[in-house]
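The values are calculated or read from the model by the stated rules, or taken from the named source; none is laboratory data. Values in this document were obtained by computation on a predicted structure and should not be read as measured data. Positions of Cβ are backbone-derived with ideal geometry, glycine not excepted, and every protein chain shown enters the neighbour counts. What goes into the accessible areas is simple: the full protein's heavy atoms, side chains included, and nothing from ligands, DNA or RNA. Shrake-Rupley method; radii C 1.70, N 1.55, O 1.52, S 1.80 Å.
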Amino acid sequence: MSHSASTPGRHRTDARPSDPAASVGRPLARVFLRTAGLTALVAWAALLVWASFGTAASTGSSGVYMIIGTVASVALVAIVIATAASHPGLHTIVVALVAALFAAAAGWAVYSAMPEAGPDEFITHRAGVAALAYGFGVVGGGLLALSEFVVEGYAGGRRGAPKRMSRKISVLAAAIVLLAAAALAPAMQRWAELANQDVRVGDATAAGGWETTVDSLTELAGVERFVETPYGLLRVDHPTNPMPQAVTLVDPATGEAVWYHRRWNWRSSQSPTLSQSETLVGLSGPRADNPDDYQTRVLRTQTGEEVATADFNGSPGLLLALSDDRLLYAGERGEAFTAYDFEGEQLWQAFMPDGCEGTAAQITGDRLLMLADCVPAPDRPVARDYILAFDLNDGESVWTQEIDWRAQVAPGSFLVTEKAVIIDSRIEQRVTDGPFSARRFDHKLLAYDIADGEELWHNKGEQFGSTNSSACGGTLYLSQPTPESTAAGAASDRSTAKVASSSRTVQLVECYTAKHREGSWLGVMAYDLDTGERQYRKSVRLGFTPLDPEVARGWATVLPDNRALLAVDLSLDQTAPKCRLFEITKGDAEEIEFESESMPENWCQEAQLTTVASGAAISFVKSDGTRGIALVP
């Protein structure tokens, strides 16, 4: 008995074929997912290798575990690719899922090991890139496994996609993954930067003055000195070695933070550098996990707002000075100096005369002024100091002034204003011989026009007296106009706040030995800045004589109204201090009474006097070794 061809259960060879779009769409989807997954796995291995060996990092998560993870990941990726090529189907699904699980576990281990950024720890760039790499491993393994579920049937019986269309889909999938990797790798480095950064920007225009906040790092300042600015006291937050780039502008009225800028994964190669106008501050140094990555970040002194960040491949040298659009660096041994813009692009390079080294520099207007220390050379029979002026636009030398070969100019007595450069050319004269010989300093004050180097005025033969302390060499101070809207928020409410004088002075302060009693004197000579005319000379009693030049410089400051404030220790016994604060106004000395109950008895021995809008601030060392601040109206 024959059976009809249409009998149920019999295969029909004349059945209508399936939908062509479905028969091609699924294979193409498999091609897309498979290519994207394999590319993501390759990106996983490539990013890990780059993170481990390509970022030149030397600290953080760059140890044994990072290397083991990289080797294991590369081997696993190779196994997955080989399996996908030779055994599609179940074998590929298993190894792809194993790779995804391994990447997920390793990525979580890297992420959970990242520390909370702070003075002693930071998140490395390689840790961020490694976390991203493991993320690509998870995505790649998942996509590869998913691709095997897109089409029906066993691997050997699957319908292939058109070759031409497959190539296009493969290129598209690979391009998408590679572009994502190329974009996300720097994004993760940027994320690491932001995670290591703690920034608060002040608002100078807020009603009522500054809005201050309690600073959690107040006690990290240590026994370091502040950098004096017209807007407050700039503090280095964590002066350790190595020192992170972390600074805070402190309101001297309250001791609280006006703004702070802390980058824990960047090192400070030098102290903060102020512009001549003191409106900008530059922080320079290398990245902690890559010394070849060097940056100088420029901030507004008043608010802490970031103005620019200049990037360099390696250290450009010592930041000598900065202006509104220029950075000036001195190279090794100070023989060459280079100007860069705020993008890190070199503008010009100039060289010091043979045998000369720059010791101080400042930018004002279109001039670069430098103090140079020069040793004997064929055209220079003796060592001497020079004042050099260069055109800021091209680095060409404009003028040069020789200093008396017998004299020395200390960097702290090299002052630059908008129109002139003022120096103290001092000659050390031996008064007695022996290991504890006395010396006397003969001062010659000189002022030069910054435009052409013409001498504006000079005062020579200025002397105080002899001294046995090398710290008593004398320092020049300049009365600076201070903006009214600066640091102390309550300054505008103080009836005692002084107004800047219409004329400015330059004042020489020096300690010297008393002739007719035990102890010393702390003397002041004040000169008119425009004419050089000496206005007065006055001294106050001093018992304990400082032995450190930094201490001696910290014992004096000159206010905008030309008053000089002097901190002294009247006692000859350092264990029984008698600290006093004196004000010298137009040659008259008067002791100032201020609230010092919260200050230790020896506050003056490590004091640093600083000019602020409301008067002066005294920075002193507290009993716990940190610095405190007292305001003097």
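Here is a check on your reading of the model: is Gln362 open to solvent by 30 Å² or more (accessible area, probe 1.4 Å) and touching a residue at least 24 places away in the same chain (Cβ under 8 Å)?
yes
Contact list please: Cβ distance under 6 Å, first residue in segment 186-199 and open to solvent by 50 Å² or more (accessible area, probe 1.4 Å), second residue not in a helix (DSSP H, G or I), pairs at least six apart or on different chains.
From segment 186-199, the pairs are Gln197/Arg263; Asp198/Arg262; Val199/His261.
Give the residues of segment 306-325 that are under 20 Å from Asp293 (Cα atoms) and open to solvent by less than 60 Å² (accessible area, probe 1.4 Å), sorted by residue number.
Selection gives Val307, Ala308, Thr309, Ala310, Phe312, Gly314, Pro316, Gly317, Leu319, Leu320.
I need the full set of residues from segment 164-185 which are of a type outside the set (A, V, I, L, M) and surrounded by 16 or more Cβ atoms within 10 Å (Cβ to Cβ), in order please.
Ser166, Ser170
Among Ser271, Ser284, which is the only one that is hydroxyl-bearing (Ser, Thr, Tyr), at pLDDT 85 or above and assigned to a loop (DSSP other than H, G, I, E, B)?
Residue meeting the stated conditions: Ser271.
Which number in (1) open to solvent by 20 Å² or more (accessible area, probe 1.4 Å); (2) out of contact with any Lys or Arg (no Cβ under 9 Å at 6 or more places or on another chain); (3) over 25 Å from Cys604 (Cβ atoms) marks the one condition that Thr279 misses?
Condition not satisfied by Thr279: (2).
Considering only residues of segment 600-633 that are touching a residue at least 24 places away in the same chain (Cβ under 8 Å) and over 21 Å from Ala564 (Cβ atoms), which is surrounded by the fewest Cβ atoms within 10 Å (Cβ to Cβ)?
Asp624
Give me the residue from segment 581-591 that is open to solvent by 30 Å² or more (accessible area, probe 1.4 Å) and touching a residue at least 12 places away in the same chain (Cβ under 8 Å) and, out of that set, farthest from the chain's Cα centre (by Cα).
Applying the filter and picking the extreme gives Asp588.
Of everything in segment 436-450, what is farther than 16 Å from Leu371 by Cα and either outside any strand (DSSP E or B) or aliphatic (A, V, I, L, M) (or both)? Give them in sequence order.
Answer for segment 436-450, where residues must be farther than 16 Å from Leu371 by Cα and either outside any strand (DSSP E or B) or aliphatic (A, V, I, L, M) (or both): Phe436, Ser437, Ala438.
When you scan segment 381-389, do you find a residue that is without any contact (Cβ under 8 Å) to a residue 24 or more places away in the chain and closer than 22 Å to Ile422 by Cβ, even just one?
Taking every residue of segment 381-389 in turn, at least one turns out to be without any contact (Cβ under 8 Å) to a residue 24 or more places away in the chain and closer than 22 Å to Ile422 by Cβ.
Looking at segment 349-356, can you tell me whether even one residue there is closer than 21 Å to Ile422 by Cα and among the small types (Gly, Ala, Ser)?
no
What pairs come up if the first residue lies in segment 85-113 and is under 30 Å from Ile123 (Cα atoms), the second is outside any helix (DSSP H, G or I) and of a type outside the set (Asp, Glu), and their beta carbons are under 8 Å apart, counting only those six or more places apart or on different chains?
Between residues of segment 85-113 that are under 30 Å from Ile123 (Cα atoms) and residues that are outside any helix (DSSP H, G or I) and of a type outside the set (Asp, Glu), the close pairs are Val110/Ser61; Ala113/Ser61.
Every residue in segment 104-147 that is among the polar types (S, T, N, Q), crowded, with 18+ Cβ neighbours inside 10 Å and part of a helix (DSSP H, G or I), please.
Once the filter is applied, which keeps residues that are among the polar types (S, T, N, Q), crowded, with 18+ Cβ neighbours inside 10 Å and part of a helix (DSSP H, G or I), segment 104-147 yields only Ser147.
When the residues of segment 452-466 are filtered to those that are open to solvent by 50 Å² or more (accessible area, probe 1.4 Å) and part of a loop (DSSP other than H, G, I, E, B), which remaining residue is nearest to Asp391 (Cα to Cα)?
Asp452
Leu101 versus (1) surrounded by 15 or more Cβ atoms within 10 Å (Cβ to Cβ); (2) over 25 Å from Asp293 (Cβ atoms); (3) modelled with pLDDT of 95 or more: which is the lone unmet condition?
Of everything listed in (1) surrounded by 15 or more Cβ atoms within 10 Å (Cβ to Cβ); (2) over 25 Å from Asp293 (Cβ atoms); (3) modelled with pLDDT of 95 or more, Leu101 misses just condition (1).
All but one of (1) open to solvent by less than 70 Å² (accessible area, probe 1.4 Å); (2) out of contact with any strand residue (DSSP E or B) (no Cβ under 8 Å at 6 or more places or on another chain); (3) of a type outside the set (Lys, Arg); (4) part of a helix (DSSP H, G or I) hold for Ser571; which doesn't?
Among (1) open to solvent by less than 70 Å² (accessible area, probe 1.4 Å); (2) out of contact with any strand residue (DSSP E or B) (no Cβ under 8 Å at 6 or more places or on another chain); (3) of a type outside the set (Lys, Arg); (4) part of a helix (DSSP H, G or I), Ser571 violates only (4).
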